[in-house]
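Undergrad: First the structure, which I've put down as structure tokens, then a few questions once you've had a look.
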Amino acid sequence: MTDIKEASKVDAHHEEGALEVLEASSRAAQFEAAQHSLNRVDAIKANIKPLAWCMYMFFICITWGFDGLAGGVVTSIAEFRKDFGFPYAGDYVVDANWQLGWLGATLFGLIFGGLATGIAVNRFGRQPCIATGFILSIAGTFVQVFAATPAQFFGGKLLTGLPLGCFTTVAPTYASEMAPLPIRGAITAGMNFAIVLGQLIGYGVMREASFYQGSLTYRILFSTQWGFAAVGLLVLPFFPESPYWLVAHGRHEKARANLVKLHDDSYDIDGNMAEIHESLARLNQENESQGSIAECFNRDNWKRTLVATSVFFIQNACGNSWVIGYMSYFMQLGGMSAAKSFDTTVGLCGLMVVGNMCGWVFVEKFGRRGTALWGTVTLCIVLFLIGILASVPTDNAIWGQVACMALWSFVYQATIGSAAWPITAENATSRLRAPTQSLATMMNGLSSCIWSFALPYAINPDQGNLGGKIAFVFGAVLVFASVFIFFMYPETKGRTYIEIDQLWSRGISPRHFSRTELVTVSNENVKEI
């Protein structure tokens, strides 16, 4: 037997100096040892082609940010209000019920799209799902561009919402399976970078479109999505399916062929195949097939599903829809002109992009658990500070709130905004990664619904009139969220999927994952691939 040790400390409930022994075939053990020995530069050099396809997944997620931004800010375009609203006090306004309806259509599309994709991926794979998503995006964009009534625009928002659920279900799972271990967290966290980048592009397109006249000011904003779909469909025929999915569906030779195509001759194809087989079959004996959504809730998996889905609930419960959506509103309350507040918001969006890039470093340096935990604690403190400033009866206090909102935006993107994606992808078993991501997408949409519909009634002066004091509500939620993360979220940084599965299955406390030493031993009785 050959011992391969991963340096860390022993789990607290074990006797000091005790080890967790993990058996694996010799090929899988050698491959995992090689993965642990790689530095980041070598990992990138050895995986250029797989990482290029991860970038493609980033690209399709840009649509999420762009469509969400376009649907939210379009009501600020005067020509859109004129075409879809009614005269009021010398201007045009869009009926609030239709605004909520359009938001609801996008969120319903997101939820249903995530559910449908979770089922479809299991049967057909990612390529047909992505193709269907782009076709729906093209159709929905067509309806939005040429809509003449609010009802027609509603139909367009529903159609473009479905691909959002599709793309955010297939992209992070694919990236986590294709990325090498030393940079797996940073690559998966890049999904959020793509979303923020999409928002920034949306602001830029909207600004340029404002120089046109008539309905072009908003139709250009929507028609830009055709460009994303065109590029995505042009590249899609060359898309290589993940070897994990192929092995799970019995297509072993195709999985091997994809690995050969994606790597050079020095790459350990046999070792990678052995590792994939064992990660799929280890917790289900000889069954390597893909699991179902129902299986995510069984006795062995419900805690892992809870961790994977709760992180998106926490994302929405920490106030992202309020801070990002209402920042411009608060600036105008402070006396800033609408045009200047818009430009400032664009600048802050750029700051969020930088924050997300910092998140790539944080998830690898401080880990997924550490980034999520300390980020949530920091956001909680900033939110309480905003609430306190909102309670101060002075005009200048509003600028303190705006400054804190800018700080919040940076911290959010650098921590929980980035860490959520690797946390979800890495805590599911290899068999249940796609259905678990589907559930996480639905949780994202459902929790977003709650706050998106509640905020106008809580904030508006003619309703709850909480204004900036709503930050106390979000801060209070994050107090409980921080405690939940401390006890329930494991550290998966530097762990292969086989190791993560074993730590969960052996009942190691999630907060002690990083302190548990695993000794991988080569066992010739384990099936060689």
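Undergrad: If you take the residues in region 483-500 that are within 22 Å of the chain's Cα centre (by Cα) and open to solvent by less than 20 Å² (accessible area, probe 1.4 Å), which one is nearest to residue 381 (Cα to Cα)?
TA: Selected residue: 485.
Undergrad: Among the helices (runs of 4 or more DSSP H) confined wholly to region 193-312, which include 2 or more residues that are of a type in the set (S, T, N, Q)? Even if it seems obvious, please write down each step before you answer.
TA: Values: elements: 216-235, 243-248, 252-262, 269-281.
Once the helices (runs of 4 or more DSSP H) in region 193-312 are filtered for at least 2 residues that are of a type in the set (S, T, N, Q), what remains is 216-235, 269-281.
Undergrad: Pairs, please: C-beta under 7 Å, at least 6 apart or cross-chain, first residue open to solvent by 10 Å² or more (accessible area, probe 1.4 Å) and in region 186-208, second among the charged types (D, E, K, R)?
TA: Correct list of pairs: 186/364.
Undergrad: Residue by residue through region 118-144, note down the ones that are over 18 Å from residue 231 (Cβ atoms) and in contact (Cβ under 8 Å) with a residue 24 or more places away in the chain. Let's see the steps before the verdict.
TA: Narrowing region 118-144 to residues over 18 Å from residue 231 (Cβ atoms): 118-125, 128, 143-144.
Passing the criteria: 118, 119, 121, 122, 125, 144.
Undergrad: Looking at region 92-113, which of the residues that are more than 23 Å from residue 201 (Cβ to Cβ) and touching a Gly at 6+ places or on another chain (Cβ under 9 Å) is least open to solvent (accessible area, probe 1.4 Å)?
TA: Checking each candidate, the answer is 94.
Undergrad: Please specify each residue of region 330-342 satisfying the condition of being surrounded by 15 or more Cβ atoms within 10 Å (Cβ to Cβ) and either of a type in the set (Phe, Trp, Tyr) or at pLDDT 70 or above (or both).
TA: Listed by number, the residues that qualify are 330, 341, 342.
Undergrad: What residue, of 398, 386, is open to solvent by less than 10 Å² (accessible area, probe 1.4 Å), of a type in the set (Val, Ile, Thr) and either under 24 Å from residue 279 (Cα atoms) or touching a helix residue (DSSP H, G or I) at 6+ places or on another chain (Cβ under 9 Å) (or both)?
TA: Working: 398 fails: open to solvent by less than 10 Å² (accessible area, probe 1.4 Å).
Residue meeting the stated conditions: 386.
Undergrad: Considering only region 489-529, how many residues are acidic (Asp, Glu), in a loop (DSSP other than H, G, I, E, B) and at pLDDT 85 or above?
TA: In the first step, residues of region 489-529 are kept if they are acidic (Asp, Glu); the result is 491, 499, 501, 517, 524, 528.
In the following step, the residues that additionally are in a loop (DSSP other than H, G, I, E, B) were identified as 491, 517, 524, 528.
Then keep just the ones that are at pLDDT 85 or above; that gives 491.
Qualifying residue count, region 489-529: 1.
Undergrad: Moving on to the next point. Given 471, 425, 420, which one is among the hydrophobic types (A, V, I, L, M, F, W, C), part of a helix (DSSP H, G or I) and over 18 Å from the mean Cα position of the chain (by Cα)?
TA: Values: 425 fails: over 18 Å from the mean Cα position of the chain (by Cα); 420 fails: over 18 Å from the mean Cα position of the chain (by Cα).
Exactly one of 471, 425, 420 is among the hydrophobic types (A, V, I, L, M, F, W, C), part of a helix (DSSP H, G or I) and over 18 Å from the mean Cα position of the chain (by Cα), namely 471.
The values are calculated or read from the model by the stated rules, or taken from the named source; none is laboratory data. No experiment lies behind these values; they were computed from the predicted model shown. With ideal geometry, Cβ positions are generated from the backbone for all residues, glycine too; neighbour counts draw on all protein chains shown. Ligands, DNA and RNA are stripped out before the accessible areas are found, and what is left, the full protein with its side chains, is counted by its heavy atoms. Shrake-Rupley method; radii C 1.70, N 1.55, O 1.52, S 1.80 Å.
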